[in-house]
1. Wholly within the stretch 250-356, which helices (runs of 4 or more DSSP H) include no fewer than the required count, namely at least 2 residues that are more than 16 Å from the chain's Cα centre (by Cα), touching a residue at least 24 places away in the same chain (Cβ under 8 Å) and more than 16 Å from ligand 2 (Cβ to nearest atom)?
2. Taking the condition over 30 Å from residue 316 (Cα atoms) and within 16 Å of ligand 2 (Cβ to nearest atom), does residue 143 pass?
3. Sort out which residues of the stretch 374-415 are over 24 Å from the mean Cα position of the chain (by Cα) and in a strand (DSSP E or B), and write them in order of number.
4. Looking at (1) more than 30 Å from residue 235 (Cα to Cα); (2) free of Cβ contacts under 8 Å to residues at least 40 places away in the same chain; (3) out of contact with any strand residue (DSSP E or B) (no Cβ under 7 Å at 6 or more places or on another chain), can you tell me which one residue 175 breaks?
5. Filter the stretch 178-196 down to residues that are within 16 Å of ligand 2 (Cβ to nearest atom), within 17 Å of residue 272 (Cα to Cα) and crowded, with 20+ Cβ neighbours inside 10 Å, then give me how many there are.
6. Hey, any hits in the stretch 142-159 for a residue that's part of a helix (DSSP H, G or I) and closer than 30 Å to residue 375 by Cα?
7. Would you check which residues across the stretch 203-221 are under 13 Å from residue 316 (Cα atoms) and more than 16 Å from ligand 2 (Cβ to nearest atom) and list them?
8. So, in the stretch 117-129, of the ones that are out of contact with any strand residue (DSSP E or B) (no Cβ under 9 Å at 6 or more places or on another chain) and assigned to a helix (DSSP H, G or I), which residue ends up surrounded by the fewest Cβ atoms within 10 Å (Cβ to Cβ)?
Ligand code: AMP
Ligand code: GLY
């Protein structure tokens, strides 16, 4: 089969690698790709915002399956445009992608589904925000409604910070239309878990629990990031697991069905666990990054068939390896605010279970590997247990030359 992967990050490299290992896959195409993906897939120079161009490329290259990695093309309705032309897609419809595209839409969906979540009010001006702040206590959480590339959540330690965040959103419009409306939300202090399920809109299969590390620095210090490392599976107690399934996943899927959404892909549920009780912080309608890097190697099913079947609406039972996967992110100097690009990188050779996935990389004119984004590399190790996976990932990480790189030394230790 021929597969087209949309996206250019570590998640898409992980997907491309798994697809390349399948005997069913004859050729992979990727748009827009990165320096690691190009070794496994033919890069298509496509503007994925132009749906007609993507449709034509699918016809020209006889694509059997399109995998859409990032949220923007999903929220933009690329999967509907392709499906209308008979192309099979792993990814939800535009309508269902609103679960990630609008925090207000997601909050309404959660309330209808009766899943536990933080209390919130919809706000659209500074005065309204400051008026309603009396109902909440510090830290105040203000969330831009629309997509903001991970920059839409403001955690404000006092009313002055809240006032500044609201002015930035509503008056200075720093996030444009994405910040026209926002949620003022109750703070939930606890432990975060990423719970991902494959779903065809009526049934689901839970994927291994992954623990992300959102803060830039060790001991959960520094600014929030897209994710600095992951471990899977994450062990949680059986009682909590059952609560997540019954109180969160089942009602969420049931509501997808009630609303008759076309959903063939991954529902990523961002949870906060407070006193052993799960609360939904957010839905994403795609695989997580860097969660995917540790989830895919634990799946026994042939990924190409699993995804192809799902694109036809059929959900396979997911079988898992009894192993641990570990991922350390290397970010560029200056990330997350001002990532330094064009830094030369020298990598050790990959081995079967210890390897490096590319996220923000490119080749310069001299064909030398250079940084080309915020999160640049993902160092992955898959082993029989957590300690071996951890040791092997940090060992491989120590062999990388990449000036100014930032990574955490405590992935998996700090929960
Ligand atoms: P989100 O973009 O919704 O994932 O939010 C980014 C981060 O903000 C989350 O990963 C949490 O660490 C934090 N966060 C979001 N909502 C809340 C909340 N209600 N209480 C505490 N922390 C939150
Ligand atoms: N790692 C979090 C995300 O993919 O949104």
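1. 250-258, 303-311
2. yes
3. Matches in the stretch 374-415: 401, 402.
4. (3)
5. Residues meeting the conditions: 4.
6. Scanning the stretch 142-159, I find no residue that is part of a helix (DSSP H, G or I) and closer than 30 Å to residue 375 by Cα, so the answer is no.
7. Scanning the stretch 203-221 gives 203, 204, 205, 206.
8. Applying the filter and picking the extreme gives 127.
The values are calculated or read from the model by the stated rules, or taken from the named source; none is laboratory data. Quantities reported herein were computed from a predicted structural model and do not represent experimental measurements. All Cβ positions, even for glycine, are placed from backbone atoms using ideal geometry, and neighbour counts span all protein chains on display.
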